[in-house]
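Contents: one structure, followed by commentary.
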């Protein structure tokens with residue numbers, strides 16, 4: 001990303017979360033692939049989500065896309081205007097910056113999975129409200145349980161706060177390893193989580209400092225993925 005090297009984020013074992021209770025369904029058929037499970041979840045979300053089925057500010061829901069068995073999953077807060085028009089996550093200006101971030105660590109967009117906490121665009125692109133997150137985020141939890149990535153990279157404060165169940169701001173959290181703790185009885189116990197700035201924030205504050213911070217976070221993710229190989 002054209003920035004100088006800075007020290008990697010450090011592991012903070014005390015930063016853990018209690019994940020929200022997911023609308024976990026009866027076990028999927030043993031023959032169902034991850035892609036089939038995600039497709040079923042998407043259909044169920046669009047029929048039943050207590051937030052998205054009553055919200056009126058969006059044109060279409062934006063469920064998520066990418067490799068159903070991705071080792072790296074990016075999580076943002078909510079779709080924007082372009083995402084709402086196309087029904088795909090991170091395809092606007094911030095999405096192009098995310099693509100650059102992914103390429104910088106030697107991956108392609110299709111190697112990862114990209115989703116948001118909310119599956120529908122909030123009015124005027126405002127931040128998600130607590131009740132909206134409460135109603136829609138369980139489907140993100142199910143996405144995580146189906147994909148089971150080795151690393152989650154949260155993009156911005158709302159996604160980070162939701163998955164870590166914290167009120168600490170992104171400026172303090174970014175660059176430090178945390179854990180997303182899965183609901184009891186899930187197929188995984190926890191997943192490593194690296195918070196970083198949202199690409200839209202990076203574009204608004206495109207300084208050497210912020211670019212170096214994001215690059216440091218990306219390098220830490222690269223290192224963790226290489227250790228999981």
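The values are calculated or read from the model by the stated rules, or taken from the named source; none is laboratory data. Keep in mind that what you see is a predicted model, and the values were worked out from it rather than measured. Cβ placement follows ideal geometry from the backbone for every residue including glycine, while neighbour counts extend to all protein chains displayed.
A few comments on the model shown:
- Listed conditions (1) surrounded by fewer than 21 Cβ atoms within 10 Å (Cβ to Cβ); (2) farther than 23 Å from residue 225 by Cβ are all met by residue 96, apart from (2).
- Selected residue (only one of 215, 180 is within 15 Å of residue 101 (Cα to Cα) and touching a residue at least 60 places away in the same chain (Cβ under 8 Å)): 215
- Any hit, region 123-144, residues being modelled with pLDDT of 95 or more, in contact with a strand residue (DSSP E or B) (Cβ under 8 Å, 6 or more places away or on another chain) and either surrounded by fewer than 21 Cβ atoms within 10 Å (Cβ to Cβ) or part of a loop (DSSP other than H, G, I, E, B) (or both): no
- Given (1) surrounded by fewer than 16 Cβ atoms within 10 Å (Cβ to Cβ); (2) under 17 Å from residue 199 (Cβ atoms), index of the condition residue 172 fails: (2)
- For the residues 164, 203, 225, the requirement of being closer than 24 Å to residue 103 by Cα, touching a residue at least 60 places away in the same chain (Cβ under 8 Å) and crowded, with 18+ Cβ neighbours inside 10 Å singles out 225.
- Check on residue 120, over 27 Å from residue 82 (Cβ atoms), within 15 Å of the chain's Cα centre (by Cα) and crowded, with 23+ Cβ neighbours inside 10 Å: no
- Looking across region 201-215, the residues that are within 15 Å of residue 171 (Cβ to Cβ) and under 18 Å from the mean Cα position of the chain (by Cα) come down to 201, 202, 214.
- Residue satisfying condition, being modelled with pLDDT of 95 or more and in a loop (DSSP other than H, G, I, E, B), within set 95, 175: 175
- Among (1) farther than 23 Å from residue 226 by Cα; (2) in contact with a strand residue (DSSP E or B) (Cβ under 7 Å, 6 or more places away or on another chain) - the single one residue 120 does not satisfy: (2)
- Any hit, region 183-194, residues being touching a residue at least 24 places away in the same chain (Cβ under 8 Å), crowded, with 21+ Cβ neighbours inside 10 Å and more than 20 Å from residue 68 (Cβ to Cβ): yes
One line per residue, one yes/no per condition, for (1) in a loop (DSSP other than H, G, I, E, B); (2) farther than 23 Å from residue 148 by Cβ; (3) at pLDDT below 95; (4) under 18 Å from the mean Cα position of the chain (by Cα):
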site: 5; (1), (2), (3), (4): yes, yes, yes, no
site: 26; (1), (2), (3), (4): yes, no, yes, no
site: 35; (1), (2), (3), (4): no, no, no, yes
site: 57; (1), (2), (3), (4): yes, yes, yes, no
site: 85; (1), (2), (3), (4): no, yes, no, no
site: 88; (1), (2), (3), (4): yes, no, no, yes
